[in-house]
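Undergrad: Before anything else, here's the structure in question.
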Amino acid sequence: MSEEASADDVAWFCRQVRARSQEHEEAMSVAAQRTWLSIAVGILRQELDSMVRVIFLLKQHDPRLRARLLRQAVSGEIWTLPTSNGRSRRVTDRDMVDLAHTLHDGWIRLVYRFGCSFIHLSNLHDYHSRDPFHGLPQEEREDIARYLRQYHGGPVSAELTFEEIAAYVPKVLGKIASNLELYLTDLERGLVPQRQSVR
């Protein structure tokens, strides 16, 4: 296996991530206009999925492992990591989210977990009758409100409704997409990101 990721693999991977991100942006416009809140949160979660995957690749300091993961990504294979006994294990969403979490001040886990509830069929899809934001633990609601105030401004409180919180989803998507583009540029340059609270 090559020591470094091939230029083709990097280009293919970045192209597919950017294409997905562009579709998310277009779909978010429709979802926001039609007030399809569960769709909007699901789109947000998918964009975050792209970002945590790119961060995971960037944080692989072994160029052979990064090259292997890129090859798996562009070949449609499941990402795997070598184990100490010479076997391989599947890279889980938790692996990627936990690693990405170290670069950002906690919001990634919150958005990812909340978004998963809209990717998979859950009681949160009944948001017209039961407010999913108010179904969260108080501490999580306060954290979400604090992150929205910090990164997106506005009088956000833990007492707002899901519909009021969901109004921020297009802005959050824009922030994730801009971070994702910076990380893709880092990947194209072969850089490793450092921990930071805001990017």
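The values are calculated or read from the model by the stated rules, or taken from the named source; none is laboratory data. Since we're looking at a predicted model, the values are computed, not measured. Note: ideal-geometry Cβ built from the backbone for every residue, glycine included; neighbour counts use all protein chains shown.
Undergrad: For segment 81-110, enumerate the residues that are crowded, with 17+ Cβ neighbours inside 10 Å and within 16 Å of Gln60 (Cβ to Cβ).
TA: Result: Val91, Met96, Val97, Leu99, Ala100, Leu103.
Undergrad: Taking Ala177 and the conditions (1) out of contact with any Phe, Trp or Tyr (no Cβ under 8 Å at 6 or more places or on another chain); (2) more than 30 Å from Gln60 (Cα to Cα), which numbered condition does it fall short on, given that it satisfies the others?
TA: Failed condition: (2).
Undergrad: While we're on this one: Closer than 22 Å to Ala32 by Cβ and either at pLDDT 95 or above or buried (at least 17 other Cβ atoms within 10 Å of the Cβ) (or both): which single residue out of Ile119, Ile176, Ile78 fits that description?
TA: On inspection, the qualifying residue turns out to be Ile176.
Undergrad: So how many residues does segment 1-28 have that are assigned to a helix (DSSP H, G or I), within 18 Å of Arg53 (Cβ to Cβ) and among the small types (Gly, Ala, Ser)?
TA: The total comes to 3.
Undergrad: Where in segment 29-140 are there helices (runs of 4 or more DSSP H), lying wholly inside it, with at least 3 residues that are touching a residue at least 12 places away in the same chain (Cβ under 8 Å) and among the aromatic types (Phe, Trp, Tyr)? Spell out how you get there, then give the answer.
TA: Values: elements: 37-58, 63-75, 93-101, 107-119.
In segment 29-140, the matching helices (runs of 4 or more DSSP H) lie at 107-119.
Undergrad: Do you know which residues across segment 182-199 are at pLDDT 60 or above, surrounded by fewer than 12 Cβ atoms within 10 Å (Cβ to Cβ) and among the hydroxyl-bearing types (Ser, Thr, Tyr)?
TA: Thr185
Undergrad: So how many residues does segment 5-28 have that are surrounded by 17 or more Cβ atoms within 10 Å (Cβ to Cβ), touching a residue at least 60 places away in the same chain (Cβ under 8 Å) and of a type outside the set (Asp, Glu)? Give the steps one after another, and end with the answer.
TA: Our first condition is that a residue be surrounded by 17 or more Cβ atoms within 10 Å (Cβ to Cβ); within segment 5-28, this holds for 5, 9-10, 13-14, 17, 21, 24, 27-28.
Those left that are additionally touching a residue at least 60 places away in the same chain (Cβ under 8 Å): 5, 9-10, 13-14, 17, 21, 24, 28.
Narrowing the set further to residues that are of a type outside the set (Asp, Glu) leaves 5, 10, 13-14, 17, 21, 24, 28.
Residues that pass the stated criteria total 8.
Undergrad: May I ask you to list pairs of residues, at least six apart or on different chains, whose Cβ atoms are under 7 Å apart, with the first in segment 163-189 being within 13 Å of Ser21 (Cα to Cα) and the second being in a helix (DSSP H, G or I) and hydroxyl-bearing (Ser, Thr, Tyr)?
TA: Lys175/Tyr151; Ala177/Ser21; Leu180/Ser21; Leu180/Ser50
Undergrad: Tally time: how many residues in segment 29-41 are within 13 Å of Phe114 (Cβ to Cβ) and surrounded by fewer than 19 Cβ atoms within 10 Å (Cβ to Cβ)? Break it down stepwise before answering.
TA: The first filter runs over segment 29-41 and keeps only residues within 13 Å of Phe114 (Cβ to Cβ), leaving 37-38, 40-41.
Next cut, surrounded by fewer than 19 Cβ atoms within 10 Å (Cβ to Cβ) only: none.
Residues in segment 29-41 being within 13 Å of Phe114 (Cβ to Cβ) and surrounded by fewer than 19 Cβ atoms within 10 Å (Cβ to Cβ): 0 in total.
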